[in-house]
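So the structure is just underneath, and the comments pick up after that.
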Amino acid sequence: MSDRGREEEGALKFEIGKLAGLRELGLETCCWLELFLVLCGLAAGLRSPGKAFSYKMIEDELALFDKSINEFWNKFKSTLSDTSCQMMGLRDTYKDSIKALTEKLSVKLKEEERMVEMFLEYQNQICRRNKLIQEKKDNLLRLIAEIKDKNEKLEVLTANIQDLKEEYARKKETISAANKANEEKLKRLQKSADLYKDRLGLEIRKIYGDKLQFIFTNIDPKHPENPFMFSLHLNEAREYEVSDSAPHLECLAEFQEKVRKTNNFSAFLANVRKAFTAMVYN
(Lines give C-alpha, C1' and ligand atoms only; values in the text may rest on other atoms or scores of the structure.)
Protein backbone atom coordinates (compact mmCIF):
# COMPACT_ATOMS: atom_id res chain seq x y z
CA MET A 1 0.00 0.00 0.00
CA SER A 2 1.30 3.44 -0.94
CA ASP A 3 1.80 6.26 1.52
CA ARG A 4 -1.25 8.03 0.15
CA GLY A 5 -3.41 4.93 0.70
CA ARG A 6 -2.25 4.58 4.29
CA GLU A 7 -3.03 8.22 4.91
CA GLU A 8 -6.55 7.81 3.45
CA GLU A 9 -7.22 4.67 5.55
CA GLY A 10 -5.98 6.49 8.68
CA ALA A 11 -8.24 9.43 7.93
CA LEU A 12 -11.15 7.03 7.48
CA LYS A 13 -10.53 5.37 10.85
CA PHE A 14 -10.26 8.78 12.49
CA GLU A 15 -13.62 9.83 11.07
CA ILE A 16 -15.20 6.55 12.15
CA GLY A 17 -13.72 7.04 15.68
CA LYS A 18 -15.21 10.53 15.88
CA LEU A 19 -18.61 9.15 14.93
CA ALA A 20 -18.40 6.25 17.36
CA GLY A 21 -20.11 8.27 20.00
CA LEU A 22 -23.25 8.41 17.79
CA ARG A 23 -24.13 4.90 18.97
CA GLU A 24 -25.22 6.34 22.28
CA LEU A 25 -27.67 8.52 20.33
CA GLY A 26 -29.69 5.37 19.34
CA LEU A 27 -28.25 4.61 15.81
CA GLU A 28 -28.90 0.98 14.70
CA THR A 29 -26.48 -1.33 12.83
CA CYS A 30 -27.98 -0.48 9.48
CA CYS A 31 -27.31 3.15 10.06
CA TRP A 32 -23.74 2.26 10.92
CA LEU A 33 -23.59 0.26 7.71
CA GLU A 34 -24.86 3.10 5.58
CA LEU A 35 -22.52 5.47 7.35
CA PHE A 36 -19.64 3.11 6.79
CA LEU A 37 -20.57 2.72 3.10
CA VAL A 38 -20.69 6.45 2.66
CA LEU A 39 -17.32 6.83 4.31
CA CYS A 40 -15.95 3.92 2.32
CA GLY A 41 -17.37 5.43 -0.84
CA LEU A 42 -15.62 8.64 0.01
CA ALA A 43 -12.48 6.70 0.65
CA ALA A 44 -12.90 4.72 -2.55
CA GLY A 45 -13.29 7.92 -4.48
CA LEU A 46 -10.07 9.04 -3.01
CA ARG A 47 -8.27 5.79 -3.88
CA SER A 48 -7.02 4.75 -7.27
CA PRO A 49 -9.71 3.43 -9.66
CA GLY A 50 -10.52 -0.31 -9.67
CA LYS A 51 -10.13 -0.91 -5.94
CA ALA A 52 -13.73 -1.37 -4.47
CA PHE A 53 -14.79 -3.51 -1.50
CA SER A 54 -17.30 -6.29 -1.75
CA TYR A 55 -20.37 -6.27 0.44
CA LYS A 56 -19.19 -9.32 2.44
CA MET A 57 -15.93 -7.67 3.27
CA ILE A 58 -17.80 -4.56 4.40
CA GLU A 59 -20.00 -6.61 6.75
CA ASP A 60 -16.97 -8.34 8.29
CA GLU A 61 -15.13 -5.15 8.79
CA LEU A 62 -18.24 -3.49 10.17
CA ALA A 63 -18.77 -6.33 12.66
CA LEU A 64 -15.14 -6.07 13.71
CA PHE A 65 -15.46 -2.34 13.96
CA ASP A 66 -18.66 -2.62 16.02
CA LYS A 67 -16.93 -5.05 18.40
CA SER A 68 -14.00 -2.69 18.79
CA ILE A 69 -16.35 0.17 19.43
CA ASN A 70 -18.23 -1.84 22.09
CA GLU A 71 -15.00 -2.87 23.79
CA PHE A 72 -13.79 0.71 23.73
CA TRP A 73 -17.09 2.00 25.08
CA ASN A 74 -17.21 -0.57 27.90
CA LYS A 75 -13.65 0.23 28.85
CA PHE A 76 -14.42 3.92 28.68
CA LYS A 77 -17.53 3.49 30.89
CA SER A 78 -15.54 1.36 33.33
CA THR A 79 -12.87 4.05 33.49
CA LEU A 80 -15.54 6.72 33.95
CA SER A 81 -17.23 4.59 36.63
CA ASP A 82 -13.95 4.13 38.51
CA THR A 83 -13.18 7.81 38.18
CA SER A 84 -16.73 8.67 39.29
CA CYS A 85 -16.39 6.33 42.27
CA GLN A 86 -13.08 7.91 43.14
CA MET A 87 -14.64 11.36 42.82
CA MET A 88 -17.60 10.29 44.95
CA GLY A 89 -15.20 8.86 47.50
CA LEU A 90 -13.21 12.05 47.52
CA ARG A 91 -16.39 14.06 47.79
CA ASP A 92 -17.64 11.91 50.69
CA THR A 93 -14.23 12.14 52.34
CA TYR A 94 -14.31 15.90 51.85
CA LYS A 95 -17.83 16.08 53.27
CA ASP A 96 -16.82 13.89 56.22
CA SER A 97 -13.75 16.05 56.79
CA ILE A 98 -15.83 19.21 56.57
CA LYS A 99 -18.43 17.70 58.93
CA ALA A 100 -15.78 16.57 61.41
CA LEU A 101 -14.06 19.95 61.21
CA THR A 102 -17.42 21.71 61.64
CA GLU A 103 -18.25 19.58 64.67
CA LYS A 104 -14.80 20.17 66.11
CA LEU A 105 -15.09 23.91 65.51
CA SER A 106 -18.60 23.86 66.99
CA VAL A 107 -17.35 22.08 70.10
CA LYS A 108 -14.43 24.48 70.30
CA LEU A 109 -16.78 27.43 69.86
CA LYS A 110 -19.09 26.11 72.57
CA GLU A 111 -16.10 25.64 74.88
CA GLU A 112 -14.97 29.19 74.17
CA GLU A 113 -18.50 30.49 74.76
CA ARG A 114 -18.62 28.53 78.02
CA MET A 115 -15.23 29.96 78.99
CA VAL A 116 -16.50 33.46 78.17
CA GLU A 117 -19.62 32.85 80.25
CA MET A 118 -17.48 31.53 83.12
CA PHE A 119 -15.22 34.56 82.84
CA LEU A 120 -18.19 36.94 82.84
CA GLU A 121 -19.75 35.10 85.79
CA TYR A 122 -16.44 35.23 87.65
CA GLN A 123 -16.17 38.93 86.83
CA ASN A 124 -19.72 39.48 88.09
CA GLN A 125 -18.90 37.57 91.28
CA ILE A 126 -15.84 39.75 91.79
CA CYS A 127 -17.97 42.87 91.26
CA ARG A 128 -20.58 41.60 93.73
CA ARG A 129 -17.90 40.71 96.28
CA ASN A 130 -16.24 44.10 95.84
CA LYS A 131 -19.61 45.77 96.31
CA LEU A 132 -20.28 43.65 99.40
CA ILE A 133 -16.84 44.46 100.78
CA GLN A 134 -17.45 48.17 100.18
CA GLU A 135 -20.83 47.95 101.89
CA LYS A 136 -19.27 46.14 104.86
CA LYS A 137 -16.51 48.72 104.96
CA ASP A 138 -19.07 51.55 104.96
CA ASN A 139 -21.06 49.77 107.67
CA LEU A 140 -17.91 49.29 109.72
CA LEU A 141 -16.99 52.97 109.40
CA ARG A 142 -20.55 53.92 110.37
CA LEU A 143 -20.42 51.57 113.36
CA ILE A 144 -17.08 53.03 114.42
CA ALA A 145 -18.54 56.52 114.18
CA GLU A 146 -21.61 55.43 116.14
CA ILE A 147 -19.43 53.76 118.80
CA LYS A 148 -17.33 56.89 119.06
CA ASP A 149 -20.45 59.02 119.42
CA LYS A 150 -21.90 56.61 121.99
CA ASN A 151 -18.63 56.67 123.93
CA GLU A 152 -18.81 60.44 124.05
CA LYS A 153 -22.44 60.26 125.15
CA LEU A 154 -21.46 57.59 127.69
CA GLU A 155 -18.82 59.90 129.14
CA VAL A 156 -21.42 62.67 129.40
CA LEU A 157 -23.91 60.26 130.97
CA THR A 158 -21.26 58.99 133.38
CA ALA A 159 -20.55 62.54 134.43
CA ASN A 160 -24.29 63.22 134.77
CA ILE A 161 -24.75 60.02 136.76
CA GLN A 162 -21.93 61.05 139.05
CA ASP A 163 -23.57 64.42 139.54
CA LEU A 164 -26.91 62.72 140.16
CA LYS A 165 -25.29 60.36 142.66
CA GLU A 166 -23.80 63.27 144.51
CA GLU A 167 -27.11 65.12 144.40
CA TYR A 168 -28.92 61.95 145.50
CA ALA A 169 -26.49 61.58 148.38
CA ARG A 170 -27.17 65.17 149.43
CA LYS A 171 -30.91 64.72 149.08
CA LYS A 172 -30.74 61.41 150.87
CA GLU A 173 -28.93 63.10 153.67
CA THR A 174 -31.51 65.87 153.70
CA ILE A 175 -34.37 63.36 153.55
CA SER A 176 -32.77 61.31 156.28
CA ALA A 177 -32.54 64.40 158.47
CA ALA A 178 -36.13 65.33 157.57
CA ASN A 179 -37.32 61.79 158.31
CA LYS A 180 -35.56 61.90 161.63
CA ALA A 181 -37.22 65.21 162.36
CA ASN A 182 -40.56 63.83 161.20
CA GLU A 183 -40.16 60.78 163.38
CA GLU A 184 -39.56 63.01 166.36
CA LYS A 185 -42.50 65.15 165.35
CA LEU A 186 -44.65 62.03 164.93
CA LYS A 187 -43.61 60.88 168.35
CA ARG A 188 -44.67 64.19 169.80
CA LEU A 189 -47.87 64.07 167.80
CA GLN A 190 -48.55 60.51 168.87
CA LYS A 191 -47.96 61.54 172.46
CA SER A 192 -50.30 64.45 171.99
CA ALA A 193 -52.82 62.17 170.26
CA ASP A 194 -52.72 59.77 173.17
CA LEU A 195 -53.22 62.68 175.51
CA TYR A 196 -56.08 64.01 173.41
CA LYS A 197 -57.68 60.61 173.21
CA ASP A 198 -57.53 59.98 176.90
CA ARG A 199 -58.61 63.43 178.07
CA LEU A 200 -60.51 64.91 175.09
CA GLY A 201 -61.85 61.79 173.39
CA LEU A 202 -59.81 62.45 170.17
CA GLU A 203 -58.65 59.66 167.83
CA ILE A 204 -56.39 60.25 164.80
CA ARG A 205 -56.40 57.84 161.86
CA LYS A 206 -54.41 57.76 158.61
CA ILE A 207 -56.72 57.36 155.61
CA TYR A 208 -56.45 57.48 151.81
CA GLY A 209 -54.53 60.23 150.02
CA ASP A 210 -52.05 60.73 152.87
CA LYS A 211 -54.80 62.33 154.92
CA LEU A 212 -55.27 62.27 158.67
CA GLN A 213 -58.76 61.85 160.03
CA PHE A 214 -59.53 63.45 163.41
CA ILE A 215 -62.46 61.84 165.29
CA PHE A 216 -63.94 63.50 168.41
CA THR A 217 -66.16 61.65 170.91
CA ASN A 218 -67.68 62.54 174.30
CA ILE A 219 -69.18 65.71 172.79
CA ASP A 220 -72.87 64.86 172.89
CA PRO A 221 -73.83 64.11 176.50
CA LYS A 222 -76.79 62.04 175.37
CA HIS A 223 -74.73 60.02 172.95
CA PRO A 224 -71.06 60.28 173.98
CA GLU A 225 -69.99 57.60 171.43
CA ASN A 226 -71.24 59.65 168.44
CA PRO A 227 -68.22 60.70 166.29
CA PHE A 228 -67.55 64.24 165.11
CA MET A 229 -64.78 64.25 162.53
CA PHE A 230 -62.80 66.11 159.87
CA SER A 231 -59.84 65.32 157.55
CA LEU A 232 -56.54 67.15 157.31
CA HIS A 233 -53.57 66.96 154.92
CA LEU A 234 -50.68 69.09 153.67
CA ASN A 235 -51.04 70.55 150.18
CA GLU A 236 -48.24 71.16 147.65
CA ALA A 237 -47.34 74.40 149.43
CA ARG A 238 -46.90 72.40 152.65
CA GLU A 239 -49.88 74.17 154.21
CA TYR A 240 -52.71 72.69 156.30
CA GLU A 241 -55.86 71.94 154.32
CA VAL A 242 -59.06 70.84 156.12
CA SER A 243 -61.90 68.90 154.42
CA ASP A 244 -64.67 66.35 154.90
CA SER A 245 -66.09 67.55 158.21
CA ALA A 246 -69.02 65.58 159.58
CA PRO A 247 -71.21 67.19 160.64
CA HIS A 248 -70.40 70.16 158.50
CA LEU A 249 -68.84 73.21 160.16
CA GLU A 250 -69.23 76.59 158.48
CA CYS A 251 -66.36 78.02 160.53
CA LEU A 252 -63.87 75.33 159.44
CA ALA A 253 -62.40 77.54 156.68
CA GLU A 254 -61.78 80.29 159.21
CA PHE A 255 -59.99 77.87 161.55
CA GLN A 256 -57.86 76.70 158.58
CA GLU A 257 -56.67 80.21 157.83
CA LYS A 258 -55.79 80.80 161.50
CA VAL A 259 -53.72 77.63 161.85
CA ARG A 260 -51.86 78.48 158.60
CA LYS A 261 -50.92 81.86 160.03
CA THR A 262 -50.18 80.90 163.63
CA ASN A 263 -49.12 77.27 163.13
CA ASN A 264 -50.71 76.61 166.55
CA PHE A 265 -52.24 73.22 165.91
CA SER A 266 -53.34 72.62 169.50
CA ALA A 267 -55.43 75.78 169.45
CA PHE A 268 -56.87 74.68 166.09
CA LEU A 269 -58.05 71.36 167.55
CA ALA A 270 -59.49 73.07 170.61
CA ASN A 271 -61.45 75.51 168.40
CA VAL A 272 -62.82 72.65 166.24
CA ARG A 273 -63.98 70.72 169.34
CA LYS A 274 -65.64 73.83 170.76
CA ALA A 275 -67.45 74.33 167.42
CA PHE A 276 -68.77 70.73 167.40
CA THR A 277 -69.86 71.13 171.09
CA ALA A 278 -71.64 74.40 170.34
CA MET A 279 -73.44 72.70 167.40
CA VAL A 280 -74.76 70.00 169.78
CA TYR A 281 -76.05 72.44 172.39
CA ASN A 282 -77.56 74.78 169.84
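So here's what we get for this one:
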quantity	calculated
With every protein chain in place, region 139-235: carbon and sulfur % of accessible area (1.4 Å)	57
Gain on full stretching of the segment that runs from GLU166 to ASN226 - 0.36 nm per residue minus C-alpha separation	16.3 nm
Cβ-derived FRET efficiency at R0 30 Å, ASN282 paired with ARG205, nearest 0.05	0.60
Extension gain (nm, one decimal) between ALA63 and LYS274, 0.36 nm per residue minus Cα-Cα	57.6 nm
Whole-angstrom gap from region 115-152 to region 239-282, using each part's C-alpha centre	81
Region 186-253: mean projected area of Cα convex hull, nm²	5.3
Pairs from LYS191/LYS261; LYS197/LYS258; LYS150/LYS171; LYS180/LYS258; LYS108/LYS131; LYS165/LYS185 whose Cα-Cα separation, in the structure shown, is over 32 Å	LYS108/LYS131
Length gained when the stretch ASP198-ALA237 is fully extended (0.36 nm per residue, less Cα-Cα span)	10.8 nm
Under 11 Å from the ILE215 label point (7 Å along Cα→beta-carbon), backbone N, region 256-274	none
Sequence-distant residues sharing a close amide H with SER245 (under 5 Å, placed H)	SER231
Efficiency of FRET from Cβ geometry, ASP138 and LYS185, R₀ 51 Å, rounded to 0.05	0.20
Surface accessible to a 1.4 Å probe, per residue, for the residues of region 201-272, Å²	61
FRET E, pair ASP96, PHE119, Förster distance 25 Å, beta-carbon r, rounded to 0.05	0.15
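The values are calculated or read from the model by the stated rules, or taken from the named source; none is laboratory data. These numbers were taken from a predicted model, which means no experiment stands behind them. Cβ sites come from the backbone with ideal geometry, for glycine too, and all protein chains shown count toward neighbours. Surface accessibility is based on the protein's heavy atoms, side chains included, excluding ligands, DNA and RNA. Shrake-Rupley method; radii C 1.70, N 1.55, O 1.52, S 1.80 Å.
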